[in-house]
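The values are calculated or read from the model by the stated rules, or taken from the named source; none is laboratory data. Predicted model, so just to flag it, every value in this text is computed and none were measured. All Cβ positions, glycine included, derive from the backbone under ideal geometry; neighbour counts span all protein chains shown. For accessibility, only protein heavy atoms count, side chains too; no ligands or nucleic acids. Shrake-Rupley method; radii C 1.70, N 1.55, O 1.52, S 1.80 Å.
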Amino acid sequence: MSDLGDFTDFDGSDDGEGDDAADATAAEVDAGADGDGSASDSTAVDTFDADEADDDFEAMDVTPAGEDRGVGVVSATEGLRISEDGEETELRAYVTVENRSDVRIGKYLLVPYQDEERLFCRITALEYAQEFRADDATEIHARRAMRRGDIDEQDFKFVATLDPVAVLYSEGDDLKRRMTDRVPKPETVVREATDKSEIKTGLKIPEDGVFLGHLSVGGEKVETAAEPPHIDYRLKDDYEDGDPLVFRHTLVAGGTGSGKTHSAKNVLRQYLADDRTYPVEDGSRDVSPGLVMFDPQDEYAQMHDDNPDLDDAFARRLEREGIAYGGVDDTIAFVPKVQGATYATGDHRAEQVEFTIPFSMVQDNPWLIAGANLNGNQYNALQLLLNRFSRDYGADGTYQQFKTFLDDPALREELDETGRVHEATFNAVKRRALGFDGIFDQDARPITERVHEFVRASGVSVVPTYHINNSRTTVTVVLALAALIVDQKLSNDPEHERIKNTPLVLGLDEAHNFLSEVDSVQGEQIIGKFTEAAKQGRKERLGLFLITQDPQDIADPVFKQINSTVVLNLGDDDAISAVNIPANLEQKVPYMEKGQKVVYSPDNSEPVELIGLSKCLTNHE
């Protein structure tokens, strides 16, 4: 390959021959300009009068008329089509040079129609295309660019692919949206969406409701001309447009260090706002919701205390946006009394109340002592034995009495001879029912006698299990209390009216440890109970609030009942796939910083990115 050398000093000369030829040509031109060809007129060029030339030509104003507006225009170069099949839609916009640095994938744009309607869009792709038929992948182009030190993109087209979200139109004083049914005209000016009302309407974000965070694109908050400039994202929380989404259930998924607990506390604090109430079933009155939170890491009792880092300026900003903040005075830590475990903490100032699980609760929920390996035959035998025990010892029979009951050889022989329970089955049930000595009937008041304390309107009841070292014990305690709430909510003849008539948010941290799909009778019973509770949540004013770092382990029947999914940073591919969010947002999840989140709530809004508050609304250590 020949060496191109350095062309920057090229002056167009070649041993003087070029100069001679140029001089000769100039002379000929000068000579031809004179009618008689006289050489004496060859100096005419030297006597050219610029002022005289100005008199012959009129000066033109080259200043462009008007001012540039928007970020570009709709382009029909490769087609312009709106289709019911989204994959056949072709909507692209040419972006002008001065706007190119500010355009990002995910940004929201508006394309006006000829009337008052406008098309609300989202940028889904960006690309450079050649303006002219030229090859810029050459040595000359590359070396010129390398020496110039800047980038000249005048010769390239910058094109944004747009996804039409909705058509915005006015009806009286209200701004409304409908599905995309019109195609904009070519060369229509495209502008960035900066009006809060237009963006909220375009994305179907409610004006009021439970605050989750601020709308963002690519990790940056969306700015508007309003004050405050950011767009608050809220979940519907009234019955005008359907059921409050708290009773359609929420899942918060995020890995370690993603800000999962911080975000969960901030959302839960909104449900405990002073002015938030829901009507009871008969509609006779409105009642503030209560929160029952199962806490494996001893973090949620801190909601009793204010956040000392929340300064006055931040508090005023929260008040302007209508965001509830501050510790909840009515927060009680209900500590399960378990053999060999002592609860001691200095992380919160909430009241601590001990309780025990009475064995009588097992009568209605045999699966509490069934164990994961009990098959259907054995489970039926366990139910029969519990019924027999209740008949012999009464409703207040203890776990120790049940063990004595199982030790009776006459009972085993009787059931075997009558064919009701085979001896081997009896022995299998007995083995699996042992080992619960440290859980039931401990030296504390039974939770069934503390229901009025445990479930309170506007109150927070936290059940810490951090001090319990045995996972089997932890699961038994949590599921026993959850079953108590669910059973009373679903009952037509409840024993505890307080539970039935109080709107409740049932929070379950590390939910994958309790609601995983296990191939056993116990697993089927647990999942069946929670699935039914989720289905009836809207009617019974019961909302599940599940928090997990392993969403893929949540049983599918329960997962299908979740309406609002909040996804923070997740690094596991299986976990990301399990949350079932749109593909364009799914790919962002592994790169999200602490506090960034994706919200997918089909009955509330379009899927969006959010940034949560930088400070926790209650204490969080």
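Only residues that are charged (D, E, K, R) and within 14 Å of ASN380 (Cα to Cα) were counted in segment 424-452, giving 2.
Pairs linking a residue in segment 271-282 that is over 16 Å from GLY322 (Cβ atoms) to a residue that is among the charged types (D, E, K, R), with Cβ atoms under 6 Å and 6 or more positions apart or on different chains, are TYR278/ARG541; PRO279/ASP286. Within segment 202-236, the set of residues being open to solvent by less than 10 Å² (accessible area, probe 1.4 Å) and over 24 Å from LYS265 (Cα atoms) comprises GLY202, LEU203. Among the residues of segment 150-179, not one is open to solvent by less than 70 Å² (accessible area, probe 1.4 Å) and more than 40 Å from the chain's Cα centre (by Cα).
The conditions of being modelled with pLDDT of 60 or more and within 24 Å of VAL167 (Cβ to Cβ) are not met by ASP68. Hey, any hits in segment 179-192 for a residue that's touching a helix residue (DSSP H, G or I) at 6+ places or on another chain (Cβ under 8 Å) and either over 17 Å from VAL73 (Cα atoms) or not acidic (Asp, Glu) (or both)? Within segment 179-192, not a single residue is touching a helix residue (DSSP H, G or I) at 6+ places or on another chain (Cβ under 8 Å) and either over 17 Å from VAL73 (Cα atoms) or not acidic (Asp, Glu) (or both).
Checking the condition assigned to a loop (DSSP other than H, G, I, E, B) and either at positive phi or not aromatic (Phe, Trp, Tyr) (or both), which residue from LEU374, LEU368 passes? I'd like the intermediate steps shown before the answer.
On the way: LEU368 fails: assigned to a loop (DSSP other than H, G, I, E, B).
Result: LEU374 is the single residue among LEU374, LEU368 that is assigned to a loop (DSSP other than H, G, I, E, B) and either at positive phi or not aromatic (Phe, Trp, Tyr) (or both).
Here is a yes/no grid of residues against (1) open to solvent by 30 Å² or more (accessible area, probe 1.4 Å); (2) at pLDDT 95 or above:
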| site | (1), (2) |
| --- | --- |
| ARG285 | yes, no |
| PRO289 | no, yes |
| LEU318 | no, yes |
| PHE334 | no, yes |
| GLN339 | yes, no |
| THR345 | yes, no |
| VAL362 | no, no |
| GLY376 | yes, no |
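The residue pairs whose first member lies in segment 610-621 and is more than 17 Å from SER216 (Cα to Cα), whose second member is part of a loop (DSSP other than H, G, I, E, B) and β-branched (Val, Ile, Thr), and whose beta carbons are closer than 8 Å, counting only pairs six or more residues apart or on different chains, are LEU617/ILE323; THR618/VAL328.
Determine whether THR345 is of a type in the set (S, T, N, Q) and within 28 Å of GLY507 (Cβ to Cβ). Talk me through it step by step, then tell me what you get.
Details: of a type in the set (S, T, N, Q): yes; within 28 Å of GLY507 (Cβ to Cβ): yes.
It is true that THR345 is of a type in the set (S, T, N, Q) and within 28 Å of GLY507 (Cβ to Cβ).
Where helices (runs of 4 or more DSSP H) fall entirely within segment 385-450, those with at least 1 residues that are closer than 26 Å to VAL353 by Cβ are at 399-406. For segment 439-454, the set of residues classified as surrounded by fewer than 16 Cβ atoms within 10 Å (Cβ to Cβ) and touching a helix residue (DSSP H, G or I) at 6+ places or on another chain (Cβ under 9 Å) consists of HIS452 only.
Against the condition of a type outside the set (Phe, Trp, Tyr), touching a helix residue (DSSP H, G or I) at 6+ places or on another chain (Cβ under 9 Å) and within 26 Å of GLY537 (Cα to Cα), how does ALA433 come out, does it pass? Taking the combined requirement at face value, the residue does not satisfy it. Entry remark, segment 565-616: residues being in a strand (DSSP E or B), open to solvent by less than 60 Å² (accessible area, probe 1.4 Å) and either among the hydrophobic types (A, V, I, L, M, F, W, C) or touching a Pro at 6+ places or on another chain (Cβ under 6 Å) (or both) number 7 in total. Output the residue which, of all residues in segment 262-283 that are modelled with pLDDT of 95 or more and hydroxyl-bearing (Ser, Thr, Tyr), is nearest to the chain's Cα centre (by Cα). Ranking the candidates gives SER263 first.
Here is a check on your reading of the model: is GLN488 within 29 Å of ASP275 (Cα to Cα), surrounded by fewer than 18 Cβ atoms within 10 Å (Cβ to Cβ) and either among the hydroxyl-bearing types (Ser, Thr, Tyr) or touching a residue at least 12 places away in the same chain (Cβ under 8 Å) (or both)?
It is false that GLN488 is within 29 Å of ASP275 (Cα to Cα), surrounded by fewer than 18 Cβ atoms within 10 Å (Cβ to Cβ) and either among the hydroxyl-bearing types (Ser, Thr, Tyr) or touching a residue at least 12 places away in the same chain (Cβ under 8 Å) (or both).
How many of the residues making up segment 313-352 are under 19 Å from ASN619 (Cα atoms) and part of a strand (DSSP E or B)? Count: 6. PHE405 meets each of the listed conditions (1) surrounded by 21 or more Cβ atoms within 10 Å (Cβ to Cβ); (2) over 28 Å from THR465 (Cα atoms); (3) aromatic (Phe, Trp, Tyr) apart from (1). Scoring TYR113 on the criteria (1) in contact with a helix residue (DSSP H, G or I) (Cβ under 8 Å, 6 or more places away or on another chain); (2) at pLDDT 95 or above leaves a single failure, condition (1).
Would a scan of segment 303-313 turn up a residue that is small (Gly, Ala, Ser) and surrounded by 13 or more Cβ atoms within 10 Å (Cβ to Cβ)? Let's see the steps before the verdict.
In the first step, residues of segment 303-313 are kept if they are small (Gly, Ala, Ser); the result is 313.
Filter once more, so that each one left must be surrounded by 13 or more Cβ atoms within 10 Å (Cβ to Cβ): none.
No, that holds for no residue.
Within segment 378-402, the set of residues being open to solvent by less than 20 Å² (accessible area, probe 1.4 Å) and either in the same structural domain as LEU481 (by the TED database) or under 46 Å from the mean Cα position of the chain (by Cα) (or both) comprises TYR379, ALA381, LEU382, LEU386, TYR399. Among the numbered conditions (1) within 20 Å of GLN352 (Cβ to Cβ); (2) under 31 Å from the mean Cα position of the chain (by Cα); (3) open to solvent by 40 Å² or more (accessible area, probe 1.4 Å), the only one that ALA457 does not meet is (1).
Considering LYS535, LYS500, LYS529, which residue is in the same structural domain as GLU240 (by the TED database) and in contact with a Lys or Arg (Cβ under 9 Å, 6 or more places away or on another chain)? It is LYS500. In the set (1) under 13 Å from the mean Cα position of the chain (by Cα); (2) at pLDDT below 95, the condition left unmet by ALA555 is number (1).
Selection of segment 79-137 for residues being outside any loop (DSSP other than H, G, I, E, B), surrounded by fewer than 16 Cβ atoms within 10 Å (Cβ to Cβ) and of a type outside the set (Asp, Glu) yields ARG81, GLY86, VAL97, SER101, THR124, ALA125, LEU126, TYR128, ALA129, GLN130.
State whether one or more residues within segment 418-437 are closer than 30 Å to VAL460 by Cβ and open to solvent by less than 10 Å² (accessible area, probe 1.4 Å).
Going residue by residue through segment 418-437, those that are closer than 30 Å to VAL460 by Cβ are 436.
Pick out the ones that are also open to solvent by less than 10 Å² (accessible area, probe 1.4 Å) and you get 436.
Scanning segment 418-437, I find at least one residue that is closer than 30 Å to VAL460 by Cβ and open to solvent by less than 10 Å² (accessible area, probe 1.4 Å), so the answer is yes.
On the basis of being touching a residue at least 12 places away in the same chain (Cβ under 8 Å) and assigned by the TED database to the domain that holds ILE105, does VAL165 make the cut? For VAL165, the condition - touching a residue at least 12 places away in the same chain (Cβ under 8 Å) and assigned by the TED database to the domain that holds ILE105 - is met.
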